[in-house]
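These notes are about the structure you will find just below.
The values are calculated or read from the model by the stated rules, or taken from the named source; none is laboratory data. Worth saying up front: this structure is predicted, and the values here are computed from it rather than measured. Note: ideal-geometry Cβ built from the backbone for every residue, glycine included; neighbour counts use all protein chains shown. Surface accessibility is based on the protein's heavy atoms, side chains included, excluding ligands, DNA and RNA. Shrake-Rupley method; radii C 1.70, N 1.55, O 1.52, S 1.80 Å.
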Amino acid sequence: MSRSALISNVTAMLRDAGFVVSDRIAIRPKSFDLAARRGDDLILLKILGNIDAFDGGTGAEMRRLGSYLDATPMVIGMRTRNEDLKPGVVYFRHGVPVLNPDTAMDLFVEEVPPLIYAAPGGLYVNIDGDLLADERQERGMSLGQLASELGVSRRTVSKYEDGMNASIEVAVQLEELFDQPFSAPVEVMDGADEVRTSEPTPADPEADPDDEHVVTVLTRAGYDVHPTMRAPFKAVSEDSADNRRGQNVLTGHSPFNRNAEKRARIMSSLGEITRTRSVYFTEKRTKRESIDRTAIVSCEELASIDDPDAIRDLIRERTSEPAES
């Protein structure tokens, strides 16, 4: 299956599951292909045939964007160089959860989360330690007896009951021994934090030197500007003077041309899904004040405004309120 067909299939699957989906990001650079929202759940999706193409820089960017936009970064893919991705298993690349399309279908359409995740050494599951301890004690079984049944140490059983995850082989043994499952689902929509290696969100990259004057003006106007490297916008800017939801602004910057207009339209689509405003800064004044929901503001206009509140007001005037998707 071609990557384009895979993206189309994933888009259709998300819509069937009740998600509102952004336009496909068909420009470069792009750290993700789609944004999708269902209620308060927002996901940023990279869709690949071979997930080995997902590199560390893209992973870092998606994790930063997830933090700025309160979204879950995720990859949907078919295979690695050496094997197909197994259904029902969560994989990880550079701190981002990876699912195959069948697993995504189960999660989003059937609302059945995966139970298994891949980590160095094999496949693992979350063990409900409290339930295991209760069942063991109810049957009058000591830690040592259960350890003997499983072929592990007494200390290992104690760790299972304290919340340590187990190999899938041990999980199967426990289910057969007690005639019930002890596996807890992997909370993919929370980033699978309970099973992935804990890593801090990567630091912001340096702003492009061509964008420094825009960053300076926005910072003076009270925005916290988070530059991007591979997104279809140059930065996510947070209005530090207004903590209400929807005050994040996707910002772009370049001369006004056909490519800028295309980016502005994509930013508008993303803004609807992410519940943000979007603004595109151009070097010179244009006759356009907006493209779809994206405000068009020239750097000349910015330079002529001394009042920080007036800059925020201008951006708000030329955009609409973020939609309730």
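Comparing Cα centroids, the range 56-78 and the range 151-216 end up 16 angstrom apart.
Counting protein heavy atoms only, the range 192-322 has 46 percent of its accessible area on carbon and sulfur, 1.4 angstrom probe. When the range 182-325 is described by a simple charge dipole with +1 on each Lys and Arg Cβ and -1 on each Asp and Glu Cβ, the residue from Ser183, Thr201, Leu270 located farthest towards its positive end is Leu270.
Note on Lys262: lysines with a C-alpha under 19 Å away, same-chain residues under 8 apart excluded, are Lys30, Lys234, Lys284, Lys287. Taking every Cα-Cα distance in the range 1-71 and sorting them into 10 Å bins starting at zero, the pair-distance distribution P(r) comes out as 19, 51, 29, 1 percent. Within the same chain, lysines fewer than 8 places from Lys86 are excluded, and of the rest, those with a Cα less than 20 Å from its Cα are Lys46. The slack in the chain from Glu206 to Ser240, taken as 0.36 nm per residue of separation less the alpha-carbon distance, amounts to 10.3 nm. Couplings 3J(HN,Hα) for the range 292-306, derived from phi with the Karplus relation 6.51 cos²θ - 1.76 cosθ + 1.60 (θ = phi - 60°), are 6, 9, 8, 5, 10, 10, 7, 5, 4, 5, 4, 5, 8, 10, 9 Hz, where x marks Gly and Pro.
Once the chain from Ser8 to Ser67 is taken as fully extended at 0.36 nm per residue, the excess over their C-alpha distance is 18.6 nm. Sorted largest first, the principal axis extents computed over the alpha-carbon atoms of the range 71-134 equal 42, 30, 22 Å.
Length available on full extension from Val20 to Glu194: 0.36 nm per residue minus the Cα-Cα distance, which gives 59.9 nm. Between the beta carbons of Ile27 and Thr216, assuming R0 = 22 Å, the FRET efficiency works out to 0.25 to the nearest 0.05.
Overall dimensions of the range 175-325, expressed as equivalent-ellipsoid semi-axes from the Cα gyration tensor (√(5λ), whole Å, largest first), are 38, 17, 15.
For Met229, the accessible area of its heavy atoms, probed at 1.4 Å with every protein chain present, is near 110 square angstrom. When Rg and the Kirkwood Rh are both derived from Cα coordinates, the Rg/Rh ratio for the range 45-107 amounts to 0.96. Inter-label distance, Asp41 to Ser254: 3.4 nm, where each label sits 7 Å from its Cα along the C-beta direction. Compactness check for the chain: Cα Rg over 2.2 N^0.38 Å is 1.19. Based on every Cα atom in the range 141-222, Rg and the maximum pairwise Cα distance Dmax equal 23.8, 69 Å.
Taking amide H as placed 1.01 Å from N in the peptide plane, the amide H of Ala231 sits under 5 Å from that of Ser31, each at least 5 places away or on another chain.
If you plug the beta carbon distance of Glu300 and Gln145 into 1/(1 + (r/R0)^6) with R0 = 56 Å, you get a FRET efficiency near 0.10.
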